[in-house]
Every structure is written in C-alpha cells, then in structure tokens.
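Written out below as structure tokens is the structure these notes cover.
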Number of protein chains: 2
Amino acid sequence: MQFHLNGFKPGDPHLVDAAGSAIPHTDAVPAQVDVLIVGSGPAGLTLAAQLAAFPDIRTCIVEQKDGPLQLGQADGIACRTMEMFEAFEFSERVLKEACWINEVTFWKPDEKEPQRIVRHGRVQDTEDGLSEFPHVVLNQARVHDFYLDLMRNGPSRLEPHYARRFVDLSVERGGDYPVTVRLERTDAAHAGAQEMVRARYVVGCDGARSAVRKSIGRQLVGDSANQAWGVMDLLAVTDFPDIRYKAAVQSAAGNLLVIPREGGYLVRLYVEMDKLGDEERVANRGITLEHLIAAAQRILHPYTLEVKEVPWWSVYEIGQRICDKYDEVPARAADLPRVFIAGDACHTHSPKAGQGMNFSMQDTFNLGWKLAAVLRGQCAPQLLHTYSGERQAVAQQLIDFDREWAKMFSDRAKQVGGGDAEGVDPREFQKYFERHGRFTAGLGTQYRPSVITGEAAHQKLASGFVIGTRFHSAPVVRITDAKPVHLGHVGKADGRWRLYAFAGANDYADASGGVRALCRFLEESPDSPVRKYTRAGQDVDAVFDLRAIFQQPHRALAIESMPALLLPRKGRHGLRDYEKVFSVDARSDIFDLRGVNRGQGALVVVRPDQYVAHVLPLSAHRALADFLAGFMLPA
Amino acid sequence: MQFHLNGFKPGDPHLVDAAGSAIPHTDAVPAQVDVLIVGSGPAGLTLAAQLAAFPDIRTCIVEQKDGPLQLGQADGIACRTMEMFEAFEFSERVLKEACWINEVTFWKPDEKEPQRIVRHGRVQDTEDGLSEFPHVVLNQARVHDFYLDLMRNGPSRLEPHYARRFVDLSVERGGDYPVTVRLERTDAAHAGAQEMVRARYVVGCDGARSAVRKSIGRQLVGDSANQAWGVMDLLAVTDFPDIRYKAAVQSAAGNLLVIPREGGYLVRLYVEMDKLGDEERVANRGITLEHLIAAAQRILHPYTLEVKEVPWWSVYEIGQRICDKYDEVPARAADLPRVFIAGDACHTHSPKAGQGMNFSMQDTFNLGWKLAAVLRGQCAPQLLHTYSGERQAVAQQLIDFDREWAKMFSDRAKQVGGGDAEGVDPREFQKYFERHGRFTAGLGTQYRPSVITGEAAHQKLASGFVIGTRFHSAPVVRITDAKPVHLGHVGKADGRWRLYAFAGANDYADASGGVRALCRFLEESPDSPVRKYTRAGQDVDAVFDLRAIFQQPHRALAIESMPALLLPRKGRHGLRDYEKVFSVDARSDIFDLRGVNRGQGALVVVRPDQYVAHVLPLSAHRALADFLAGFMLPA
C-alpha cells in the first residue's frame, strides 16, 4: 500500500480523505447523476466500488431490498475474482475468512453394491501456477460487506440507497443527462413515493428478472429449465469423510455436490431433485426442506447425515439463458449506448461451476473503467460499444460450457462394463472437470482483437502474457527495498493503464537500451502518450503507470541510474515514488515463467481491468502511440 | 478461522457475541475488578486483549492520555511479534500496511575521500527460515488500533478508560480484592475527581517513569545516559539510494540509522547528536529539529536531503536500565504477587535494535495467560512467580546486548589500515549485526527449566522445537480438506495449551501406535490431564488442544480412522471439529525441518503464549500427567 504522499495522516490508510466533490449521502436519491446503478448485488457493487474511486464522477446505487444482504446465495469465489479483489484491496480479508477449495473428490456407486457410494477419484482443484490465489468459498453477503466498506471509506463516501424499486426509464438522446429513471420507494415511511433521477448512464444489475433489461426491450433466451435442484446450507453431523472437500457424488439415488463453507463447520449441499416438464416451474412442485434432506441422505448412503441447523435453503430449476446484447442500442445502429445491463440480468445458468457471481463481477469490472474513462474525458464514448461486444461473447462460451457440465451433473452414473449406453461415465466426468479447470477458475476469458485489444503480431515476445487474457502475475523483487512482491498486484482498480517494460538482457548497461529509449520517448517525444493524455497538474503516472522489470538480480541494479520516469516525483511535496522498478525473483524467474524474450525484452500493455491489451517490442514507440490513439482523447 | 460452531450467525466473524458477563463500558471506572491495567501502550494493550478473550474475567484498563494514540514512537515489529499478532488474528492487517525490512545496508566513510560515505555491505535482514513472518515497520498507533478493535469486538467488549492518572496503591493481603488503587481524572469535565478501584491484581504498564513501579518501591537501575540521539519521521526528497532500506551509516560526521516506513514515502532517521556529561539530561541541551536535520545532512554527504514535512521528532538519551524484580514481593518471601510491572516500566534501552515495543508486548503475553489461568481456577497462584522469573532474566540479556550494540552505533568508524585503535571496524559492525539477527528478530528468548518448562531429557526427539523457546511453526497439510497451513497458527491467544503429537512412521496403521495410544490415555485414563483439568460442559479441547501430525501424504490418511479425540464433537450442536489432523507438506517436511524423530515421533507441549514447555516421547503418559500436575488444579 502507498499512502502519506500528500502529507502524513494518522489512522487507517484505507480510510481515504473525502473529496470536496463527494456528495453527502442523503435520504433522497440525487436528482441528477453521472451513473445510476440499479441493484446492489455483486455486479452492482463491483461497479459502484470502481466508480467510487473517482470522486469527480457522481454515482448513485439503488437497491430494492431494505438494507445490506445478510445471507447470500452465491458462495464460490474463483481465482480470477480473487485477483480482482486484490485490485480492490480486500483480497487478504477474503483469504482469511473464506474456506479454501484445494481438492475435489469424486464418488460413484460401488460396483459390487450399487446402493453404496465409494470414492473413485480426487484431483487438485486448481492447477499449479494458474493463479497466485486459491479458489475459495465465502458467503456473498461478506463480499458485499467488503465492497460497502471500500465505498464508504473511499473518496466519494458512496453508500447505496435502499428500498428503491426501479419502475421504468426513458432515453432522450441529445442532452447531457439523456436517461430519466423513475423509482418508487418501498420503505414503510415513504412507501409508494416516486423519485425521478436523470443520469448520463444507467446500469441494470438487477438480476435475472431485471426490470432495466425489460425497459430496454431485451430478454433472456435459451433452454427451458427442466431439472429441479435443491440447495441448503447445513450445520450437520456426518460420517461422510469428504464433508470438507468439494465432492461430486453420483449415486444410484441421484446426484449431489458438497461445497464446504467458511468457518470450518458449515457445508452447502446441492441436491438433484425432480425432472420438470416443459416450461414447468419448480415452485409448483411443493419441494420442502424435508424433501431435500431426505434426498441427500439417500444419495450419501451408507453414510449418515444428521442435520442440526439449516441457515438457508432453496429450490431452483437449471436453465441456460442469455441476452443477445447488453445495451439498449440495436446492432449496427449509430447511437452510442446509454443503458447497460450486467450480471444475472444478461445471463443465467446453473450454480454448479460456481460461475454466476464471479462472471457478473467481471462484467462490471469490464464496464467500470470504460464508463469512468468516458465520463472523465479520457476516452471517446465509442469505447462503450466494447462492453457488450466483449462480455456477451465470453458469456456465450460460459453458457455452452455450463449446459454440458450441468447435463453431466444431472445424468446417472454409468456402470463400468455395464451394458447401458445411458448416463455419464464417472471417469469422463472427472476428466471433463480437470479439462475445464481453467474455465471454472475464471481464466477462460480471452477478448478478441478490437480497438482496445491488439493483434498478436508480437505475441511471441511474451508468450505467457496472452493478448486478450488477464495479466498473469508472477513474483518479482522490488529493487529499492528488496521486497518480494507479485508484479500483477501493482494493478489496482484505479482506472490506470499499466505499461510493463521487460528489459532485454543488455538493457540495463546500455544508454540506448530498450527501457531507457522507451522512457526517453515517453518523457520527451511530442508523440508520447504520457505527454498527450496526462493533464497538467496530474502526477506523471496518473494515466499510464510504467513499471520496468530487469533480468539482473536486484543488488546489481542501481536505482540512481534509472530514468526519471522510473523514479517519478509526485504529489504536493514532489516526493519520489520508489516502487516502479523490479528485478527477477531468482526462485521463480518471471522471464521464464511467462516466456518473455530475454534478448529483446517486451512491452506488455495492460488495461485498467487487468487484461492484456497489447504486446509490443520495447522499441515500437510509434505502434504504442497509434494503438492508444485509437480510443484515447488528448488531454 | 473457525466460526458458526454454536449456530450460524451472519456478518463479520471477528465480531464475537458479547458475553452475558460483559461489563457495559461506563464513564466511571468499575469499583471492583479482577485485573486493573495501568497504561494502554503496547504492553497494556497486549495484556488487555489477552484478558478480553475471557469474559469471566473482569478487566479494566486505564490510560492517562485523553484518547487513543495518534502518532506512535515505536515502529519496529520483530518476526516474533508478528507470530504473536497471528495468535491475536491481526497479522494480515499488519503485513498489508507495514513496510517490510528485507535487507540492511552498511555505509562508511570513503577511504579515499573520508568526507563522503560509500556502501560497503548489505545483508539479508532475517535469515531464511527463522520465522514464517518478515520483520516489518509500522506506526505503534496502528498496532494500538488493531488491539483496540480486537478488544471492542471480543466477548468482553473491553475499552480503555482514558484521562486517568494513577495516584497510588496499597496492598492488604487476605481479602479477595487485596489491592486498592487511587486514580485521578484528568479530563476537563471531571478534573481532579478521585476514583478508588479494588482489584485482585494490578499491572503497571505505565512506561519508563512508571508510577506503579514507584508505588511498589522498585526502580530502574543501570548505566547513566551519556549519548544524545535525535529521531525524526520525514517526508523528504533525497538522492541517497538506500532510503527504502534499513541502512546503518557510519560517517566522519557521526552516525545515522535509516528506517523506511509504511506507505512507501515516509522515512525515519535516528541521528547521533551530542555526548552528554554524567547525569546530564538531553532536555538541557536545547536540541532543535533544525539541529537534527543539519546533522543528518552532514552525515549523508555527498547525498542531499530536502525535508518536506516532519510529522514527528524527538531527542532522547540512550541508557540501559532494568528493574531487578517485576512484582511487589521481595525475593524469597512467601507472599504471592499481586502487583506486576511490565514493558518500559521494567527495562529501558536504545531503540536501535527495534526491541522496546516488541519486548514489552512479550512481557504481557507471558503474564496474560498466567493471570487468566489463576483467575479461572486452572492453575495455582504460585504460577505467577514465574512471570518475573522468566521475563527479568531475558530482559537482562537484552540489556547486555543493547549496551554493546548501542556503543557500536555511537562509535566512530575505524579506518581500515588506519593506525587509530579507537572506533569500530565497519566489518565488525556488520558481522555483529548478522550474528545477532536471531536476537533482534525477537527469537533469542529461552526460558530456563521451571515448574512450567521441562528438562531437556527428550529434546533429541524434536531437536528443532527447543524447550523454553517459542514453537517454531512449519508448513503442514490439513488432511480433511488438503489445505496447506502453518502448524503454529493453530496456536491462538485463547489461553489453551497445545499438544502437538508427531506420529512415528508406523503409527498410522498400528492400532497400538503412539498417537492412538496417547489418545486412548487422554480419553480414558483416570490420570488423563484432559479428564482431570477439563470441566463438565466445556468442549473436550477447551484446556488441551491436541493436534496430530503424520508423516504420510494426506491422501493416504483416512479421517474416519482417527481416534475420537482427533475428530471431536463440540458446541451446542455437537458438531465435529475437522481441523485437528495434519500430514507433512511434501515441499517442506516438518519432520525434517524441525528434526523430529521419524521412528518414534514426539509429543511437543506448548504453552498458551506459544513457548515450548516440554518435549516427551508419545508414550510418556505418566511424565506428561506429572508435568502438568506440577502447576494445574483439578477441575
């Protein structure tokens, strides 16, 4: 953490000074805002937390419920989500409270005695080196708490307005605040009172039955839901030995998924219930908690399950549905989008792969920096087209994956050597799980080339930083204090672009070496993106945060020989920032781990949402400038 | 973290339910308490946080200042202290905010041009494997904040009473509350008002000028302070390249120590100032901030130092003083101690080795569990004699170390090959630093054999768990969920004893193996300490927390085959605790790392303050029972 830049301030460094522009939280919703977020679930809060970092953006988030969530539904937190939490500065809180999913075990009917289940396999949950973070499980309500703390302590002092039902909206193109939203209060004291909000942008994060989605005439399309499942959080006593593992159980009596939960005692069971008819709703089946428990007990036989407390349970039908576009503008229309939808409002699927909450947060982490960049005049509003373009395509992949996965989960286990062609082979099931580990870790996303995602012409210079995928962090050593750190953790959710300059082997000693030449270009050239896009009065790294990584050990590198841009003076005192230059960590060399060309080095350009935008030669100054000119506006 | 044992509870698991016995915090100090703590510095707060874990103990902490500390003086946090913070559940907060000290660099006069300083050495600050935690630097005020949060959120809801001056105390042996303390309020609204508190025990954590110490007729004895030093926290611009390293500078113009601080910009400089005459006080020298800055600038020549802001500065004299006994009872008297002193009230020394705050907290971490055990009827009050016995002896070692270290720091650098016999050889200085790394990390403490520290007859069974030193954690894998964890981190500040049973190689399969036989003894024997010292209604692990560590990989170990004591049922639901059994972590085998005998295994008995009390054969049931009977009282 960096703090005290603009003067020493005692107390908790997470509690940032309120900006002069911060809007005091009032009972009434403000009449005019830059962004109105509808819904304070994971998607809405990720967006609100991102925008709250910019006190010059007026954000309002409204929520239909009366207050913060107490008991969440989602619980799985993928590696990729943990990486994002690190950008939001609360990964360590999640790591501490959460249950870690380290291995997955697989159970099937005993071949000799098919009424009994036996363990037939176990695999590591997340392949080594996939991410520096584990896959964990934590109540969604706690994730909300962390976001709410961040918003409350941030410069905007942002807090949700609860008890607001979204009624409708209208878009009148032309003015500064083209979207008018009608809300209705649902708190007892003001029930039925209407509020009108005018906004530059509206984002519907209001769930699978999204009223914002309906208001822009879009709908979820997909399979009908024909399989009922039950889910319950239990405090229970059992002799099933894998109750603290994620365990996929295929039994003669149906299927079940064990998800251990935080705190060491709580466990979630997903239990297969009835097949449903076409368009039949699960609510009509009258499935009770007692049915769920009885089904779980049958499936786990010969193991016992004695339920002591059920903090939460639900029944639901599985279906895979997706919206074809995530904003209100028809395909190929010239208009710029003003209303967006995100999260469950755009895509619904089974909870089995633990993707719902994670994917939803990635939606708005993608949208957040783009909205901020447009509102702050850094990028042209055409950038906003890329939100639906990028996120709808990757959601379609998720839906396809989930359809296959959910089907496997609902299938009977096939007997090995048994004659039945029906059902799924347990070994195939396990193999499918392993193959798709990268996807379920949230790391299957690759954005296609676009105005903000370069072509892979120079990908071979850094084969492990794949363009369009998230920047894969690795250990390095900071040369100014010999601290071992994770390079990717410099990428905070602050709307800045990162330029990671990996130096060629001879770069350090050579005055005309790649890193030094790049710094000279960025410092001095009239074409320099740093000069072109950074405003007077901003710190020199306010838009582009340049970091250099050398191949030499840190003791061989002298900070005093570095270009000024790598030891910049910042803030009101003009203090030096000593955290820009790194060397390899000898125990795990980032050049080896990520396939960076040792002779030439490479420049890796990373978006504010941690995705690799481009890989270029260090000397490709012109190409860098041209790429950024494709979507940025001169300061 | 373990939670939800007694039922699901939404929200922050750090916020524990208030106990029915918690005393609501009132404006007035309670008239009668079990323990009155005077002073809310690091020693007082460590003790208060420890006692706050036991709502059946009525604790009161008073502080002369008007409110919580905003700007601290101490800043260094040794590895050992981080291990203790882990027991108090806030190590991750410190790790995140603090500045890590990774390397130390050494500077001396340039031989060719003695007015210039040059770097002549650099060493790793903490030797590899010494602790799983780094040496860090963080404002003392933040450490206070973490303790205050813990106390406020704990079952006792304990908060300090500020603006109370300790006036005096009297001890009248015989009654239940033998100590009567007179306090005076210093807040404007009640200035001068007196309050009387009757206490079972009083602990003076009131600093070097301790009024509690004076009230029991003890004094600090030692060297006169004949060297003035200045210390200042700076936001500054410098071209001194090691400003983010801990750097010891010996120059022709005097000596200086650079301590980088949290946040990436702040730095502390300790600057050598004037020699003082016998009994001369530094206050009489009229040393100003400008003097300090000018001295620092002279010492750092040829590097520049441009000071932008000075959040805090001070001047002080170095002296090593210590109190001969830490309670009010004369040596060899029959009385049991009722009044204790801790921290700076007992020992003062230079801040150079970063020991003051750390050593003080270890004082009260030693005292806390003992007071709790006596007050809760678990141990006889004779146990309290061991506090002064243990802590005074190790403080004497610290004082001796610090005297030598401080002298080296104040000496001139000796020229290599120069004829002068005076001064310290810079290479010797660096070597001394390296040799004493273990001591400055807070890991030099070894308690001598006593009623609570066994003789080393079986030390060879686990040569790396040295009796009398702190339990040195190492990585293991929890078998019920394959989570890689640090074994020592199960040792929380909850007053419980840990029994680490390291299994012999053939133990797992053998029904009469060492671990299984030990469990049978602890579960069934009338001599079992678990049966003898655990009260009806308490969880089976409420006094002794048994953990087993097997040599096999976790996939080879079946939890269902473990003795009941390793899978105990707890809490109001009788839920199973799945966190008692571990296997080796193949990447760093704890048996190898700590020299545990692979054939026989070993039983390592660890005190509530994380120090190794005994190492025994697994089969030494009788010896274990006898050792514990030496100081524990039957339930």
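The values are calculated or read from the model by the stated rules, or taken from the named source; none is laboratory data. None of the values given here were measured: they were computed from a predicted structure. Neighbour counts are summed over all protein chains in view; Cβ atoms, including those assigned to glycine, are modelled from backbone coordinates with ideal geometry. Heavy atoms of the whole protein, side chains included, go into the accessibility calculation; ligands, DNA and RNA do not. Shrake-Rupley method; radii C 1.70, N 1.55, O 1.52, S 1.80 Å.
List the residues of the stretch A:297-326 for which accessible area in the full set of protein chains is at least 40 Å² lower than for the chain on its own; 1.4 Å probe, protein heavy atoms only.
A:LYS308, A:GLU309
From the gyration tensor of the Cα coordinates in the protein assembly as shown, what semi-axes in whole Å does the equivalent ellipsoid have, largest first, with each one equal to sqrt(5λ)?
Here the semi-axes work out to 50, 42, 31 Å.
If you put +1 on each Lys and Arg Cβ and -1 on each Asp and Glu Cβ, how big is the dipole of the stretch B:461-587 around its Cα centre, in Debye rounded to 20?
The dipole magnitude comes to about 320 debye.
Add -39500 (n - 2.57) for each DSSP H run of 4 or more in chain A, then divide by its residues: what number comes out at 222 nm, to the nearest 500 deg cm²/dmol?
Here the helix-only value at 222 nm equals -7000 deg cm²/dmol.
Using a 1.4 angstrom probe on heavy atoms only, work out the carbon and sulfur share of the accessible area of the stretch B:187-305 in %.
Carbon-and-sulfur percentage of accessible area, whole number: 49.
Hey, can you grab everything whose amide H is under 5 Å from the amide H of B:PHE340? Only 5+ residues off in sequence or another chain; H modelled, so Pro and N-termini drop out.
Correct list: B:VAL202, B:VAL203, B:GLY204.
Can you find, among B:GLN124, B:GLN32, B:PHE54, the residue sitting farthest towards the positive end of the charge dipole of the stretch B:26-137, where Lys and Arg contribute +1 and Asp and Glu -1 at Cβ?
B:GLN124
What ³J(HN,Hα) values, in whole Hz, does the Karplus curve 6.51 cos²θ - 1.76 cosθ + 1.60 give for the stretch B:591-608 when θ = phi - 60°, with x put for Gly and Pro?
5, 6, 4, 10, x, 7, 4, 6, x, 8, x, 6, 10, 10, 9, 10, 6, x
With the cut-off at 1.5 for a/c, could you classify the stretch B:515-591 from its C-alpha gyration tensor as rounded, prolate or oblate?
Note, shape of the stretch B:515-591 comes out prolate.
What ³J(HN,Hα) values, in whole Hz, does the Karplus curve 6.51 cos²θ - 1.76 cosθ + 1.60 give for the stretch A:464-473 when θ = phi - 60°, with x put for Gly and Pro?
Calculated HN-Hα couplings, in order: x, 9, 6, 4, x, 9, 6, 4, 8, 5 Hz.
If only Cα atoms are counted, what is the Rg of the stretch A:116-244, and what is its Dmax, in Å?
Radius of gyration, then largest Cα-Cα span, for the stretch A:116-244: 22.4, 68 Å.
Using 1/(1 + (r/R0)^6) with R0 = 56 angstrom and r between the beta carbons of A:ASN6 and A:VAL123, what's the FRET efficiency to the nearest 0.05?
0.65
How big a patch of accessible area, both sides summed and in Å² to the nearest 100, lies buried between A and B at a 1.4 Å probe?
Interface between A and B: roughly 5800 Å².
Name the trypsin sites (Lys or Arg not before Pro) in the stretch B:536-635 that are in a loop by DSSP and that have at most 16 other C-beta atoms within 10 Å, would you?
Those that pass, being in a loop and sparsely packed, are B:ARG572, B:ARG587, B:ARG598.
Let me know the charge dipole size of the protein assembly as shown about its Cα centre in debye, to the nearest 20, where only the beta-carbon of Lys, Arg (+1) and Asp, Glu (-1) is charged.
320 debye
Just to be sure I understand: if I project the alpha-carbon convex hull of the stretch A:472-609 onto a plane and average over all orientations, what area do I get in nm²?
8.1 nm²
Express the accessible area of the stretch B:229-385 per residue in Å², computed with a 1.4 Å probe while the remaining protein chains stay in the model.
The answer is 30 Å² per residue.
So, R0 is 45 Å and r is the distance between the beta-carbons of A:HIS436 and B:ALA564; what FRET efficiency does that work out to, to 0.05?
It comes to 0.70.
How much area per residue is accessible in the stretch A:434-550 when the probe is 1.4 Å and only protein heavy atoms are counted (Å²)?
Here the per-residue accessible area is 37 Å².
Could you work out the local net charge near A:ILE559, counting Lys and Arg as +1, Asp and Glu as -1, over the other residues with Cβ closer than 15 Å to its Cβ?
Around A:ILE559, the charge tally is +4.
Based on the alpha carbon coordinates of the stretch B:1-140, what radius of gyration and maximum Cα-Cα distance (Dmax) apply, in Å?
Just the Cα atoms of the stretch B:1-140 yield Rg and Dmax of 21.6, 73 Å.
When only alpha-carbon atoms count, how far does the stretch A:581-635 stretch along each of its three principal axes, as whole angstroms with the largest first?
Cα extents, longest axis first: 42, 25, 19 Å.
Give the separation of the Cα centroids, the stretch A:76-137 to the stretch B:237-259, in Å.
If we compute the Cα centre of each part, the gap is 47 Å.
With respect to the cross-link table entries A:LYS9/B:LYS65; A:LYS580/B:LYS108; A:LYS308/B:LYS580; A:LYS9/A:LYS492; B:LYS532/B:LYS570, which display a Cα-Cα separation exceeding 24 Å?
A:LYS580/B:LYS108
With +1 on the Cβ of every Lys and Arg and -1 on the Cβ of every Asp and Glu, and nothing else charged, how large is the dipole of the stretch B:143-191 about its Cα centre, in debye rounded to the nearest 20?
Dipole of the stretch B:143-191, to the nearest 20 debye: 60 debye.
At what distance in angstrom do the alpha carbon centres of the stretch B:167-228 and the stretch A:480-559 lie from each other?
57 Å
Only protein chains counted, 1.4 angstrom probe. Which residues of the stretch A:524-573 are at least 30 Å² less accessible in the assembly than when their chain is isolated?
Buried by the other chains: A:ARG555, A:GLU560, A:ARG569, A:HIS573.
With a 1.4 Å probe and all protein chains left in place, how much of the accessible area of the stretch B:315-391 comes from carbon and sulfur atoms, in whole percent?
51 percent
Hey, could you grab the Kirkwood Rh for the stretch B:84-170? Inverse mean 1/r over distinct alpha carbon pairs, Å, one decimal.
17.1 Å
Normalised by the empirical 2.2 N^0.38 Å for globular proteins, what value does the Cα Rg of the stretch A:438-545 take?
In units of the 2.2 N^0.38 Å rule of thumb, it is 1.22.
What is the Cα radius of gyration of the stretch B:248-342 over 2.2 N^0.38 Å, N being its residue count?
Ratio of Cα Rg to 2.2 N^0.38 Å: 1.60.
What distance in nm separates the two pseudo spin-label positions at A:ARG173 and B:ILE23, each 7 Å out from Cα along the beta-carbon direction?
7.2 nm
For chain B, divide the Cα radius of gyration by the Kirkwood radius and give the resulting Rg/Rh value with two decimals.
Radius of gyration relative to Kirkwood radius: 0.98.
Could you compute the FRET efficiency for A:HIS291 and A:ARG152, with r as their C-beta to C-beta distance and R0 at 56 Å, rounded to 0.05?
After rounding to 0.05, the efficiency reads 0.85.
Kindly give the semi-axes, whole Å and largest first, of the ellipsoid equivalent to the stretch A:429-489, taking each as the square root of 5 times a Cα gyration tensor eigenvalue.
Sorted largest first and rounded, they come to 27, 21, 10 Å.
Which whole-percent values make up P(r) of the stretch A:174-259 when all C-alpha to C-alpha distances are grouped in 5 Å steps starting at zero?
Computed distribution, short to long bins: 3, 8, 11, 13, 11, 8, 9, 10, 9, 8, 5, 2, 1, 0.
Any chance you could check the stretch B:246-278 for residues losing 40 Å² or more of accessible area when the partner protein chains are in, compared with the chain on its own (1.4 Å probe)?
Buried-area filter returns B:GLY263, B:TYR265.
Residue-wise, which Karplus ³J(HN,Hα) couplings in Hz belong to the stretch A:238-243, taking 6.51 cos²θ - 1.76 cosθ + 1.60, θ = phi - 60°, and x for glycine or proline?
8, 9, 5, x, 9, 5
Using the eigenvalues of the Cα gyration tensor, what equivalent ellipsoid semi-axes result for the stretch B:348-400 when each is taken as the square root of five times the eigenvalue, whole Å, largest first?
For the stretch B:348-400, the ellipsoid semi-axes come out as 26, 11, 5 Å.
Of the accessible area of the stretch A:87-172, with the probe set at 1.4 angstrom, what percent is carbon plus sulfur?
Carbon and sulfur together cover 44 percent of it.
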